[in-house]
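A.B. asks: I have a structure I would like to understand better, so I am pasting it below and will then ask my questions one at a time.
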Amino acid sequence: MKIPPAQTLQRLLDRYAAGQYQFHGVILTGASLAHLKLPFIELVDANLQSADLSFAFLPGAELVRARLRHSRLVQTNLIGANLLRADLHGAMINQALLSGACLTGADLSDATLRNAAFSGCDLRGANLKGANLRGVNLRGANLQGADLREADLRGADLDGANLIGTLMPDGTYLEFHADLLPSGNSETLQERGWASDQAQVP
């Protein structure tokens with residue numbers, strides 16, 4: 001018999017309170033984890049599609065290969081979390097905190113990440129095609145090999161970001177010697193029309 005996501009969540013919370021941190025493959029489709037405090041929880045291969053994790057406190061969480069399509073992560077704290085190859089297609093990630101997180105190979109296509117903090121993130125090979133990245137802080141992030149085609153980078157801060165081999169919004173391919181500035185990338189992005197000053201973001 002299929003267990004309802006709300007019942008699964010309650011069991012998870014009870015076990016977490018008792019000291020269990022590993023919940024691999026758990027199914028929480030459409031469940032509400034909003035405002036919950038679950039630092040360092042391990043939700044590897046979890047199904048969180050359409051779940052609400054807004055304002056949740058999840059620093060250091062293990063969300064490897066987690067399915068988070070169309071989920072809500074508004075102002076969620078995922079600092080230092082591991083989202084390797086996670087599926088975040090169409091997710092709402094506005095103002096979330098993901099500084100230092102691993103998103104290598106993650107699918108963020110068509111996601112909305114306005115004013116989120118991704119400084120120092122590992123986004124190598126991530127799919128950000130069509131993503132809304134207005135006002136996002138990507139300072140020092142590694143975007144090597146990422147796909148930014150059709151992404152909205154207006155107001156984004158990419159100073160010091162690694163953009164070697166990155167597919168940019170207009171489909172051009174950045175190469176180190178020809179395209180990157182030693183002091184950072186924000187000026188180059190603005191000159192090409194891929195980004196603008198923070199003050200211009202509505």
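The values are calculated or read from the model by the stated rules, or taken from the named source; none is laboratory data. Since this is a predicted model, take the numbers as computed values, not measurements. Cβ placement follows ideal geometry from the backbone for every residue including glycine, while neighbour counts extend to all protein chains displayed.
A.B. asks: Go through the stretch 13-44 and give me each residue that's assigned to a loop (DSSP other than H, G, I, E, B) and more than 19 Å from residue 98 (Cα to Cα).
C.D. replies: Within the stretch 13-44, 18, 19, 20, 21, 23, 24, 25, 26, 28, 29, 30, 31 meet the criteria.
A.B. asks: Considering (1) out of contact with any His (no Cβ under 7 Å at 6 or more places or on another chain); (2) hydrophobic (A, V, I, L, M, F, W, C); (3) farther than 20 Å from residue 21 by Cβ; (4) surrounded by fewer than 20 Cβ atoms within 10 Å (Cβ to Cβ), say which one residue 55 fails and leave the rest.
C.D. replies: Of everything listed in (1) out of contact with any His (no Cβ under 7 Å at 6 or more places or on another chain); (2) hydrophobic (A, V, I, L, M, F, W, C); (3) farther than 20 Å from residue 21 by Cβ; (4) surrounded by fewer than 20 Cβ atoms within 10 Å (Cβ to Cβ), residue 55 misses just condition (1).
A.B. asks: With the structure loaded, tell me whether residue 64 is within 18 Å of residue 44 (Cα to Cα), in a loop (DSSP other than H, G, I, E, B) and in contact with a strand residue (DSSP E or B) (Cβ under 9 Å, 6 or more places away or on another chain) or whether it fails that test.
C.D. replies: So residue 64 fits the description; yes.
A.B. asks: Inspect the stretch 4-23 for any residue being aromatic (Phe, Trp, Tyr), in contact with a His (Cβ under 7 Å, 6 or more places away or on another chain) and without any contact (Cβ under 8 Å) to a residue 60 or more places away in the chain and give the result as yes or no.
C.D. replies: Among the residues of the stretch 4-23, not one is aromatic (Phe, Trp, Tyr), in contact with a His (Cβ under 7 Å, 6 or more places away or on another chain) and without any contact (Cβ under 8 Å) to a residue 60 or more places away in the chain, which makes the answer no.
A.B. asks: While we're looking at this one, here's another question. Among the residues of the stretch 176-192, is any assigned to a loop (DSSP other than H, G, I, E, B) and modelled with pLDDT of 65 or more?
C.D. replies: Scanning the stretch 176-192 turns up no residue that is assigned to a loop (DSSP other than H, G, I, E, B) and modelled with pLDDT of 65 or more.
A.B. asks: Could you tell me whether the stretch 118-125 includes any residue that is surrounded by fewer than 24 Cβ atoms within 10 Å (Cβ to Cβ), touching a Lys or Arg at 6+ places or on another chain (Cβ under 6 Å), more than 19 Å from residue 47 (Cβ to Cβ) and at pLDDT 95 or above? Give the derivation first.
C.D. replies: Step one: filter the stretch 118-125 for residues surrounded by fewer than 24 Cβ atoms within 10 Å (Cβ to Cβ), giving 119-120, 122, 124-125.
Next, only the ones that are touching a Lys or Arg at 6+ places or on another chain (Cβ under 6 Å) stay: 119.
Pick out the ones that are also more than 19 Å from residue 47 (Cβ to Cβ) and you get 119.
Going one step further and asking which of them are at pLDDT 95 or above, we end up with 119.
Yes, the stretch 118-125 contains a residue that is surrounded by fewer than 24 Cβ atoms within 10 Å (Cβ to Cβ), touching a Lys or Arg at 6+ places or on another chain (Cβ under 6 Å), more than 19 Å from residue 47 (Cβ to Cβ) and at pLDDT 95 or above.
A.B. asks: Could you check how many residues of the stretch 59-75 are under 12 Å from residue 97 (Cα atoms) and either aromatic (Phe, Trp, Tyr) or buried (at least 24 other Cβ atoms within 10 Å of the Cβ) (or both)?
C.D. replies: Residues in the stretch 59-75 being under 12 Å from residue 97 (Cα atoms) and either aromatic (Phe, Trp, Tyr) or buried (at least 24 other Cβ atoms within 10 Å of the Cβ) (or both): 1 in total.
A.B. asks: How many residues are farther than 17 Å from residue 93 by Cβ and assigned to a loop (DSSP other than H, G, I, E, B) when one looks only at the stretch 47-61?
C.D. replies: The number of residues fulfilling the criteria is 1.
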